[in-house]
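Here's the structure we're looking at; comments come further down.
Any read-out appearing in this document is the output of simple, stated calculations on the displayed coordinates, not a laboratory observation. Bear in mind the structure is a predicted one, so any value in this text is a computation, not a measurement. Backbone-built Cβ (ideal geometry, glycine too); neighbour counts: all protein chains shown.
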Amino acid sequence: MNVTVFGTGYVGLVTGTCLAEMGNAVVCVDVDANKIARLNGGDIPIYEPGLEELVRSNHAAGRLAFTIDPAPAIAHGDVIFIAVGTPPDEDGSADLTHVLAVARTIGRNLGAASVIVNKSTVPVGTADRVREAISAELAERGVTIEFDVVSNPEFLKEGDAVNDCMRPDRIVIGTDSARAIGLLKDLYAPFNRNHERIVLMDVRSAELTKYAANAMLATKISFMNEMANIAERVGADIELVRHGIGSDPRIGYHFIYPGVGYGGSCFPKDVQALDRIATSHGYTARLLRSVEEVNNAQKSKLFVQIERYFDGDLRGRTIAVWGLAFKPNTDDMREAPSRRLLEQLWEAGASVRAYDPEARQEAQHIFGNRDDLTLCEQPYDVLDGADALAVVTEWKAFRSPDFKRIRARLARPVIFDGRNIYEPRVVEAAGIAYYGIGRGRSVDAVRRSAGA
Ligand code: UDX
């Protein structure tokens, strides 16, 4: 099938590439000429395991093309995907500028009947606005062309995007058009193996499904962070509690890891946007607001503990940080908890020495050159002259460190484990004080036991 994809961000690039891999002829369009030039040169602007090889091989095979020219791309597509960004505007609502701009471009160039599929995460009712924008342009041109607007939300996770796209657990298709259903069933047939993964529904339900999925996952995380904060105060270990509740299949083991809060391009933005959608329809989403509030407080959690550990005075201290990306296997630092930690440390007069396996360049780009930040090339280099080590992202490379080496390099050895990747007893046996999230011990107790 001939497929056109507008937007070469995470969603657009991964979707276009996976569709090309299945043998479709895919043209990806973006307004960013620099990005398109890089993609045509085989240079992938994002770090995503497995993606680069797939882009290169499909590009070389002639099944995947990149262009800034929308007219021929629109003429090419039997199916046209809209996968452009919907960043939050000032009040947290999803900004539809890019989506509607693409809709108008499609309206100005559409030559034959087509199916327009929206993959961007958009407020309920956006498909209607896309339809109106396209119709207005067609009316302006004085032509009548049949087209459908379908909602087909994307559920891919960064760091595992290619796998999620190739082996989706569900394919949500929102439309009442039999023609669109037929076309998309054909397009997705190679991804729909072993059992039926296609879930058909109306457009608005599909649009809400995307928000509901992300809001549910964010809720699980904030719930566990709240439990961790309680556990810490009552002397219980949240990691044992996690095992204790996860075995109930109604609860499950997934997404109940406490930590320094959720970040990334989806959860923070989508929880807020859904709250605004509810408000604009006259409903106060109390639970969603609490989910966000808990997460916001959690992002300051490590800083508050570190400051307390050092008697409320961090001036002149150096804190070593492992992990800057919002989660492992990505270089993405959007809404990353590390950013809050670093900013609070600097504000308090401390310096930071940080290491991340992939996000070094991104951190350099975000923070620029500053005296109170050293971005190290090797994990143990962060420890030189540092007073404490804070673990912010649970990269595999941090899971079994050489504690002796850490102990030897830190002046008064202490680890603040923002992801609970270590066993307190193991760390303490190595002669390092340990604070984890909700491990039954307050930072004051950790300080006392360390004799600090
Ligand atoms: C998410 C959804 O998982 C995906 O389905 C949707 O399409 C886009 O948003 P992503 O943002 O890539 O994907 O990351 P995800 O792996 O879901 O993690 C989100 C955040 O939650 C990360 O900061 C992660 O560290 C945090 N998290 C996750 C926890 O703190 N605890 C958990 O148990 C799970």
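Remark on the chain: ratio of C-alpha radius of gyration to 2.2 N^0.38 Å is 1.08. Cysteine residues of the chain whose C-beta has no other cysteine C-beta under 4.7 angstrom: Cys28, Cys266, Cys376.
Derived scalar couplings between HN and Hα for the range 41-56 equal x, x, 9, 8, x, 10, 8, 8, x, x, 6, 4, 4, 5, 4, 4 Hz in order, rounded to whole Hz, by the Karplus curve 6.51 cos²θ - 1.76 cosθ + 1.60 (θ = phi - 60°), x for Gly and Pro. Give me the dipole magnitude in Debye, nearest 20, for the range 1-152 about the Cα centre, with unit charges on the beta carbon: positive for Lys and Arg, negative for Asp and Glu. Result for the range 1-152 is approximately 380 debye, rounded to the nearest 20.
Given their separation in residues at 0.36 nm each and the Cα-Cα distance between them, Arg141 and Lys404 gain 87.4 nm when the chain is fully extended. Look at Glu239, Glu232, Glu196 and count the other Cβ atoms within 10 Å of each Cβ; fewest to most, that gives Glu196, Glu239, Glu232.
Between Asp69 and Ala189, the FRET efficiency estimated from the beta carbon spacing at R0 = 41 angstrom works out to 0.85. With all pairs of separate Cα atoms included, the range 78-157 yields a Kirkwood hydrodynamic radius of 12.9 Å.
At 222 nm, what helix-only mean residue ellipticity would the chain give, in deg cm²/dmol to the nearest 500, using -39500 (n - 2.57) for each DSSP H run of four or more?
Working: 18 runs with 199 residues, N = 452.
My calculation for the chain gives -13500 deg cm²/dmol from helical runs alone.
Counting every other Cβ atom within 10 Å of each residue's Cβ, Phe403, Phe147 order from fewest to most as Phe403, Phe147. Amide H to amide H distances under 5 Å link Val150 with Ile116, Val117, Asn118, where only residues 5 or more positions off or on other chains count and H is placed in the peptide plane. The dipole here belongs to the range 211-297: it is taken about the Cα centre, uses +1 on the Cβ of Lys and Arg and -1 on the Cβ of Asp and Glu, and is about 240 debye.
All Cα-Cα distances of the range 310-420, cut into 5 Å bins from zero to the largest, leave 2, 13, 25, 28, 20, 11, 2, 0 percent in each bin in turn. Out of every Cα-Cα pair that the range 195-324 contains, those further apart than 23 angstrom amount to 48 percent.
Between the range 346-401 and the range 179-229, the alpha-carbon centres lie 36 Å apart. Put a dot 7 Å past the Cα of Asn163, heading toward its Cβ, do the same for Arg56, and the two dots end up 2.2 nm apart. The tail of the calculated P(r) for the range 2-204, taken as Cα-Cα distances beyond 23 Å, holds 41 percent of the pairs. Based on alpha-carbon atoms, the Kirkwood radius and the radius of gyration of the range 1-99 give Rg/Rh equal to 0.98.
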